[in-house]
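Notes to accompany the following structure.
The values are calculated or read from the model by the stated rules, or taken from the named source; none is laboratory data. This one's a predicted model, so the numbers in the text were calculated from it and none came from an experiment. For neighbour counting, all protein chains shown are included, and Cβ atoms are generated from backbone atoms with ideal geometry for every residue, glycine included.
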Ligand code: G6P
């Protein structure tokens, strides 16, 4: 979604802003712009379209070493040059970029119109510039603070005033903002990837905090003007991790990274001697862990499907009743919070508004909510009552791949830990540990067979409807596979329990609707095979992801993608990789932008 970058320093600001915006592209956007301060004047350049389109209209060698930039993902007002940020007030004194949504903007805009203000855009953001300009009495920081008291909603803002050259004020309430500290230069960004090539020293602003920056100084304060001393943190990511490293797309790179990213999620956390796991960040004593009676997981998108795998593992192996719910639904259902229930908020970005707000609502009701996040220092990571980082490294492609396998890795570890405290024997625990440790190598063999999956993608890319069918642990994997195909190829795909097709979706089956079946060699195999036969009997095409050597499946299916035989408990890992590759190659066949699919955003910071 929208991205912010700001720069105060000695270098040409336009170059740094454009580079930062380029790095924020992955979040999803539809227009972009910058404002550079040039001899006490503001030069605003903005445009609908991509950063490369913006670059075309930014003059080479544009002077000025202070500026702000933005990528906009439209919420209020259509996608056009006018609605792109930065926005100015009508005196031209104040210029700003804004992430988030101002809920009471209509009332404020009406009042400002009555007072004679004129507006250039249809956005909620522009009213903030007007308010700051009208409240300004020689101190931008104070005017921003006063404005904040009038705004309802979420915002991360970077703002400049003509009378305070070389200065940017940033403010955060619900939309992330981070300060980057360099030598004689300071950066502001909504996301560390925008500034990682310049500095690793950062300060994360909390909600209701402001920062005033110049090239050589920064001051953080709260809404009551109290100065706050904040800890400088070090970004743990390397620059190479946010670059394509020889791959054509981030998505391909991230799919292929999974043997290593899974290893990073599990290594150092498995305890072979105890056939269990260590998860330091839970902030809970063994006694507290033993007292958990129920587990409830909230998440959105791919993280939701990872949560579903987690709930299945926890219930079936650790014998703790566990459910996963869509965070967006939990927030508004007035959830019942029970004292012995442990809650998890799963979010790669740690910024998804639905998940964050559900977490806050649960916490308000007294719940202990642990976070399972990738982005260190993200809002969910910081506001949760403890948690586990998945350590996948930055995930740039909008469609999530490696985060999914790392999220489920954390659930495998959690299951081991909680199950070994309960019914799971040492021997059974060790069997899971063994299977888990072999996963990265097995994934390598599946990745090595990608040519075949590419051929299948070519063969099937002309179809416009797909069913993805699985059962048990692989039911949620089928849902995730369907989501991947939808997200990046724009082909309609439904994920279903294979058992459920007879209750409805079988009506869709004909020669134009292929079904992709996940067929493990566990107790559900025969039932899934029966479902495959039902589809074949109705002239439906069948692609199966099955265990090497399963001749019965081979005889029924039109096409088979083989995966190595393993302990069935880890099949979600092995089943999801072919589905990611299938979606990826299908999207390539159809010439889609795999990294930045239309209308989607990486981190959805609005409800
Ligand atoms: C967006 C992204 C998805 C992601 C979902 C949840 O919809 O496009 O890829 O799965 O948000 O994101 P989170 O960061 O909370 O895991």
Check your understanding: Within the range 1-13, is there a residue that is surrounded by fewer than 17 Cβ atoms within 10 Å (Cβ to Cβ) and either under 21 Å from residue 196 (Cβ atoms) or at pLDDT 95 or above (or both)?
Key -> yes
Point to revise | Number of the exception - residue 283 against (1) touching a helix residue (DSSP H, G or I) at 6+ places or on another chain (Cβ under 9 Å); (2) over 18 Å from residue 349 (Cβ atoms) | key: (1)
**Study point:** Options 77, 9, 69, 64: the member that is touching a strand residue (DSSP E or B) at 6+ places or on another chain (Cβ under 9 Å) and within 27 Å of residue 154 (Cβ to Cβ)
**Key:** 69
Study note, to complete from the structure: Inside the range 135-154, the number of residues satisfying the requirement of being buried (at least 23 other Cβ atoms within 10 Å of the Cβ) and farther than 20 Å from residue 226 by Cβ is 0
Review point. Quick check, is residue 356 within 9 Å of the ligand (Cβ to nearest atom), touching a helix residue (DSSP H, G or I) at 6+ places or on another chain (Cβ under 8 Å) and over 28 Å from residue 584 (Cβ atoms)?
Key: yes
**Study point:** Residue match in the range 60-72 (condition: within 16 Å of the ligand (Cβ to nearest atom), assigned by TED's automatic domain parsing to the domain that holds residue 150, under 23 Å from residue 180 (Cα atoms) and not in a strand (DSSP E or B))
**Key:** no
Review point. So which of 338, 315, 351 is within 16 Å of the ligand (Cβ to nearest atom) and either out of contact with any helix residue (DSSP H, G or I) (no Cβ under 8 Å at 6 or more places or on another chain) or in contact (Cβ under 8 Å) with a residue 24 or more places away in the chain (or both)?
Key: 351
Check your understanding: Considering the range 16-65 alone, what residues qualify as being touching a helix residue (DSSP H, G or I) at 6+ places or on another chain (Cβ under 8 Å), buried (at least 24 other Cβ atoms within 10 Å of the Cβ), under 17 Å from residue 188 (Cα atoms) and modelled with pLDDT of 95 or more?
Key -> 20, 21, 32, 33, 34, 36, 37
Practice item. Give the range 277-294 a look and list any residue that's in a strand (DSSP E or B) and surrounded by fewer than 23 Cβ atoms within 10 Å (Cβ to Cβ), or say none. Key: 294
**Study point:** Test: residue in the range 422-439 that is surrounded by 24 or more Cβ atoms within 10 Å (Cβ to Cβ) and closer than 17 Å to residue 176 by Cβ
**Key:** no
